[in-house]
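Note sheet for the following structure.
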Amino acid sequence: MSNTKKILSFAVELGDILLRNGAEVYRVEDSVLAILNAYDITDCDVYVLSNGIFASAEEVTEHGSSMIRHVPMYPMHLSRIAALNSLCRRFCAKEIELDDAWKELEECKKIPSYSLPVLVIATAIGCGGFSYMFGGSILDALCAIVVGAVLKLFLDFESRTTHSKTITNVLGSMVIAIVAVLFYISGLPVHFDKIIIGSIMPLVPGIPITNGIRDFINGDYLSGSIRVIDALLTAFCIAVGIGIVISIVQIGGIII
């Protein structure tokens, strides 16, 4: 394998992992180009979408090489992105050899997320805080804490299934609405809408739509469109799940 292909393979693999873990399109593109340029591969082209990478290097020479990667959208993992950024900088500064960089790249892939109990607690507290911030009472916030914990446990269960992201979002929002309505019909002096508003925040696609707008500003209109459409579809799924439960409850004679 030529040196050009080795460097290009490493650069694209690093970009692939960055993109899978939620990195912005411009960050991935800059990282791949920086690695290639650091090793005097200036005759190169890199085109990154929110779900794909196209790269070529020295195509007019006998060492020319090109690569295409399809990159499915995955949840964001900031620890991996930070580790990959550090690896990219050190590799570009030639502080680490290619073989060692590959080994470190594999280690970056395995950086774990937080444990389930920590994620459940964080999600619960976040839901309670948002419920109170949006005008709910202390009791509403406490109920939202319970709903948030139930939601995170449900999402963890869903991550082990083969359901699509669309189905997961619909089912997750239905779980939120069901638990919130149960608190409401139990006779507690709560506002079910404030509980729901706070509890849906873990599902709201805030980062994707922000990155989509940033892509638009940077001129990456196709990537921006993909991210914005994904965010809007997620919001639609949340609305469908909540609406289904509320409609069923109203049909059943419970006034909300």
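The values are calculated or read from the model by the stated rules, or taken from the named source; none is laboratory data. Given the structure is predicted, the values throughout are model-derived calculations rather than measurements. Here the Cβ positions follow ideal geometry from the backbone for every residue, glycine too, while neighbour counts run over all protein chains shown. With ligands, DNA and RNA removed, areas are computed over all heavy atoms of the protein, side chains included. Shrake-Rupley method; radii C 1.70, N 1.55, O 1.52, S 1.80 Å.
Pairs of Cα atoms nearer than 8 Å and 6+ residues apart set the relative contact order; for the chain it is 15 percent. Ligands, DNA and RNA are left out, and with a 1.4 angstrom probe the accessible area of segment 38-94 is 56 Å² per residue.
Note on the chain: dipole from Cβ charges, positive end direction compared against P208, H70, T166; the farthest Cα belongs to T166.
Between the helical axis of 221-251 and the longest alpha-carbon principal axis of the chain there is an angle of about 20 degrees. Rounded to the nearest whole Hz, the Karplus-based 3J(HN,Hα) values (6.51 cos²θ - 1.76 cosθ + 1.60, θ = phi - 60°) of segment 166-173 follow the sequence 4, 5, 4, 5, 5, 5, x, 5, with x at glycine and proline.
Based on protein heavy atoms only, segment 96-144 ends up with 60 Å² per residue of surface accessible to a 1.4 Å probe. For segment 58-117, divide the Cα radius of gyration by the Kirkwood radius and give the resulting Rg/Rh value with two decimals. Using Cα coordinates only, the ratio equals 1.09. Note that segment 10-19 has calculated 3J(HN,Hα) couplings of 5, 4, 5, 5, 5, x, 4, 5, 4, 5 Hz, one per residue in order, obtained from phi through the Karplus relation 6.51 cos²θ - 1.76 cosθ + 1.60 (θ = phi - 60°); glycine and proline are x.
For the chain, the fraction of 1.4 Å probe accessible surface lying on carbon and sulfur atoms is 64 percent. The charge dipole of segment 133-256, taken about its Cα centre with unit charges on the Cβ atoms of Lys, Arg (+1), Asp and Glu (-1) only, comes to about 80 debye.
In the structure shown, the pairs K6/K109; K165/K194; K103/K165 are assessed against 22 Å; a Cα-Cα span above that value is assigned to K165/K194; K103/K165.
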